[in-house]
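Where a number appears in this text, it was derived from the coordinates with a stated rule and is not lab data. Worth saying up front: this structure is predicted, and the values here are computed from it rather than measured. As a convention, Cβ positions derive from the backbone with ideal geometry for all residues, glycine included, and neighbour counts pool all protein chains shown.
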Amino acid sequence: MNATVSNHDTTPVVSARALRKAYRHRVAVAGADFDIGAGRIVGLIGPNGAGKTTALKAILGLTRFDGQLSVLGMDPRTQRDELMNQVCFIADVAVLPRWMRVREAIDFVAGVHPRFDRAKCERLLANTQLNPKLRVREMSKGMIVQLHLALVMAIDARLLVLDEPTLGLDILYRKQFYQRLLEDYFDENKTILVTTHQVEEIEHILTDVLFIRDGRIVLSAEMDHLAERYTEVLVGADRIAEARALGPVEERALPFGKTVLLYDGLPRERAAALGEVRTPGLADLFVALMKGTYA
Amino acid sequence: MNAIAANTAGNRWTRTFHWLLRREFWENRGGFLWAPVITGGIAVFMSTLLAVAGVVQARRNLDGTPAMDDLPGYLNSVGAAGDGLLMAGCSLTGVVLAFVVFFYTLGSLYDDRRDRSALFWKSLPVSDTQTVLSKAAWALLLAPLLSVVVGLLVGVALWLLAAVAMMASGMPHPTALFTHAHPFTVAWRMLLTVPLGLLWMLPAVGWLMMCSAFVRSKPFLWAVLVPVLGCVMISVLGAIPGISLPYGMIWYVAVYRGLMSVIPGTWSINGLEDRLAQGSIHDPGQLVAAILDQTSSWGLYASWDLWIGAAIGVVFIAIAIQLRRWRDEA
């Protein structure tokens, strides 16, 4: 299967062909093919154990793999040191070293990273409770993520990889996290690759999605195309038989006798004849496509 | 043009390495700086109490100047005591250093994997080679250097304290402590122990760093029990009749050179034992000279033991770099 997250201009930022990674007892990524274009915000979405984190690790050169993978034209296995000048990542959450002070973190990143903008980092931290002398071990989880995000956002990286960046944060921090990423960081020269289970929260910021299941990419599309391709129809009990005959991918019952049916590639007019038409949410689509994963 | 590019790349490497060294200091200030300073402080404080008690005691018992048969010998002994006090400061911080280096290297490539902050360091443009080398540089060079400097300061404090105590208790010729001592020689020779110690500690530091980069948990058990139990098992094997193995050699290589070489001065024990056994040491001055000679003379570099150990240490560190690169967390 060869899926392409579209990219209108230049060569892809990430390009994988037959990407495969097997651990001793389990195949984590089983021959995935995908491309990620520049200036996109791509969600890599899949159930637990689908191979998301392994795929990211391969992209970041943290693990060995089979197959072809090129990130910004480089091989992450052999050119990782070079690659890390232009790639940045936040893996899981809140993993800053506990002994470090805010000032030390800023000094260190400013010292080693040629693309770090110290003024920007300080500006991002200006309105928070993070004062320069505070140690990471004295911070709340939310504060650690704030600091980490400020450090990373001040780096002018071409590719930013976020692996469950908001895990364990409350809803206020989660909202703020993505808001800041969009407002103060993202532009057409940057690419963001993000995995999360909180699909609803990132749906509105994504430009593309990759659904991964059992180590394979099962869907790769632009968000706009997704809205055109999939249709959700609210059907009353009287027309349900007719609606079912059209072959919905998924159906679920609502209270008061209505049923929601999800169609792949059903023309709008045909759908409108059945009942109220809606654009399906990413979460509903995800559930429909991942049916039977844990069976 | 290429030269400029190369130069910038070189600068960048140096700059990154400089920040990595600072980073290690931030994290381990307690072990590298405060541990020797506090130990030295306690030693000086306790010595002060002892000196005061000694002075009180001496003033009570001393009546008149004691008879002096051998004045030059006495003066030399007093001077040697001064040198000894300077060295005492260094040996004190040296003992602290042994513990600090042991636990620092053992945790150096493990602790940040355990709390997953290794992923933060790996998200920055810092190569694994640089990371590992910066840690090795602290264990082998900077921490010992700091230890010698602090040790000499402690030694000077003890020295001055002794002079004050001698004067206060009315002992004859207290100034011999200054005039017959060799503080600059001692300080220089103590500094010379640093490069020798670097080579000597390499196999132990390399082994500990390799274990630190390798294990998934319990680095102490791996690093210590593997060589010690290995040696014990080989020794037990020797109880079987008909098998004879060079046990002394095996223990020496695995445990003494592989683990205990982090203790500064362990390279001088054999030489000193020989000297004492020969009976060539008759007075404190000769003892001081023998210790200085055995801890820092150039002749010690002419030993296979030192260089083979250092080469093995370098191999261990190279393996640690590879392990650091590919050890896959979570």
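Please build a GNM for chain B, connecting alpha carbons under 10 Å apart, and tell me which residue among B:ALA239, B:ALA118, B:ALA80 fluctuates the most.
Highest fluctuation among the options: B:ALA239.
Given a 10 angstrom Cα cut-off, can you work out which residue in B:PRO72, B:PRO227, B:PRO203 is the most mobile in a GNM of chain B?
Looking only at B:PRO72, B:PRO227, B:PRO203, the largest GNM fluctuation is found for B:PRO72.
What is the sum of charges, Lys and Arg at +1 and Asp and Glu at -1, for the other residues whose Cβ falls under 13 Å from the Cβ of A:ASN85?
Value of the local net charge: +1.
I'd like the mean, over residues of A:83-90, of how many other protein chain beta carbons sit within 10 Å of each residue's own Cβ.
Counting Cβ atoms of other protein chains within 10 Å of each residue's Cβ and averaging gives 3.
Taking Cα atoms, how many degrees apart are the long axis of helix A:171-180 and the longest axis of chain A, rounded to 10 and kept between 0 and 90?
70
Taking only Cα atoms, what is the 0 to 90° angle, nearest 10, from helix B:143-169's long axis to the longest principal axis of chain B?
Computed tilt is about 10 degrees.
Go through A:LYS57/A:LYS190; A:LYS190/B:LYS135; A:LYS52/A:LYS175; A:LYS52/A:LYS258; A:LYS52/B:LYS122 and tell me which ones have a Cα-Cα distance over 24 Å in this structure.
The answer is A:LYS190/B:LYS135; A:LYS52/A:LYS258.
Rounded if a/c is under 1.5, else prolate if a/b is larger than b/c, else oblate: which is the range A:14-222, with a ≥ b ≥ c the root eigenvalues of its Cα gyration tensor? If you can, show how the numbers build up before the last one.
Working: a/c = 1.74, a/b = 1.56, b/c = 1.12.
Prolate, since a/c reaches 1.5 and a/b exceeds b/c.
Measure nothing but the geometry: give the 0 to 90° angle between the long axis through the Cα atoms of A:102-112 and the longest principal axis through the Cα atoms of chain A, rounded to 10°.
In chain A, helix A:102-112 runs at an angle near 90 degrees to the longest axis.
Count the DSSP beta bridges whose two residues both fall in the range A:14-222, then state the antiparallel fraction as a percent rounded to the nearest 5. Numbers along the way, then the final one.
Values: 21 of 39 bridges.
Close to 55 percent.
Can you tell me how the range A:226-289 classifies by the Cα gyration tensor, rounded, prolate or oblate, using a/c under 1.5 as the rounded cut? It would help to have the intermediate numbers written out before the result.
Working: a/c = 1.69, a/b = 1.23, b/c = 1.38.
Oblate.
Give the distance, in whole Å, between the Cα centre of the range B:224-291 and the Cα centre of the range A:255-292.
79
Between A:ASP264 and B:ALA318, what is the FRET efficiency for a Förster distance of 56 Å, r being their Cβ-Cβ separation, to the nearest 0.05? Display every interim value, and only then the final one.
Values: r = 55 Å, r/R0 = 0.98.
Given R0 = 56 Å and the Cβ-Cβ separation, E is 0.55.
Once the Cβ-Cβ distance between B:MET46 and B:GLU273 is put in as r, and R0 is 35 Å, what FRET efficiency do you end up with, to the nearest 0.05? Display every interim value, and only then the final one.
Details: r = 29 Å, r/R0 = 0.83.
Efficiency computed from Cβ-Cβ geometry: 0.75.
How big is the antiparallel share of DSSP beta bridges in the protein assembly as shown, given as a percent to the nearest 5?
Restricted to the protein assembly as shown, the bridges split so that about 65 percent are antiparallel.
Just from its helices, what would the mean residue ellipticity at 222 nm be for chain B, if runs of 4 or more DSSP H residues each count -39500 (n - 2.57) and the sum is divided by every residue, rounded to the nearest 500 deg cm²/dmol?
Roughly -24000 deg cm²/dmol at 222 nm, from the helical runs in chain B.
Find how many whole Å separate the alpha carbon centroid of the range A:38-63 from the alpha carbon centroid of the range A:167-185.
Cα centroid of the range A:167-185 versus Cα centroid of the range A:38-63: 19 Å apart.
Per residue of B:111-122, count partner chain C-beta atoms within 10 Å of its C-beta, then hand back the mean as an integer. List each step's numbers first, then the result.
On the way: counts 3, 3, 0, 0, 4, 7, 8, 4, 10, 13, 4, 7.
Other-chain Cβ atoms within 10 Å of each residue's Cβ, averaged: 5.
Quick one: grab the alpha carbon gyration tensor of the range B:26-104, order the square roots of its eigenvalues as a ≥ b ≥ c, and give me rounded if a/c is under 1.5, else prolate or oblate depending on whether a/b is larger than b/c. Can you show the working numbers first?
On the way: a/c = 5.24, a/b = 2.20, b/c = 2.38.
Because a/c hits 1.5 or more and a/b fails to exceed b/c, the range B:26-104 counts as oblate.
Highest GNM mean-square fluctuation, chain A, Cα pairs closer than 10 Å: which of A:VAL145, A:VAL277, A:VAL161?
A:VAL277
Report, as an integer, the average count of C-beta atoms from other chains found within 10 Å of each Cβ along A:95-105.
The per-residue average across the peptide is 5.
Between A:LEU167 and A:GLU276, what's the calculated FRET efficiency when r is the beta-carbon distance and R0 is 30 Å? Round to 0.05.
0.25
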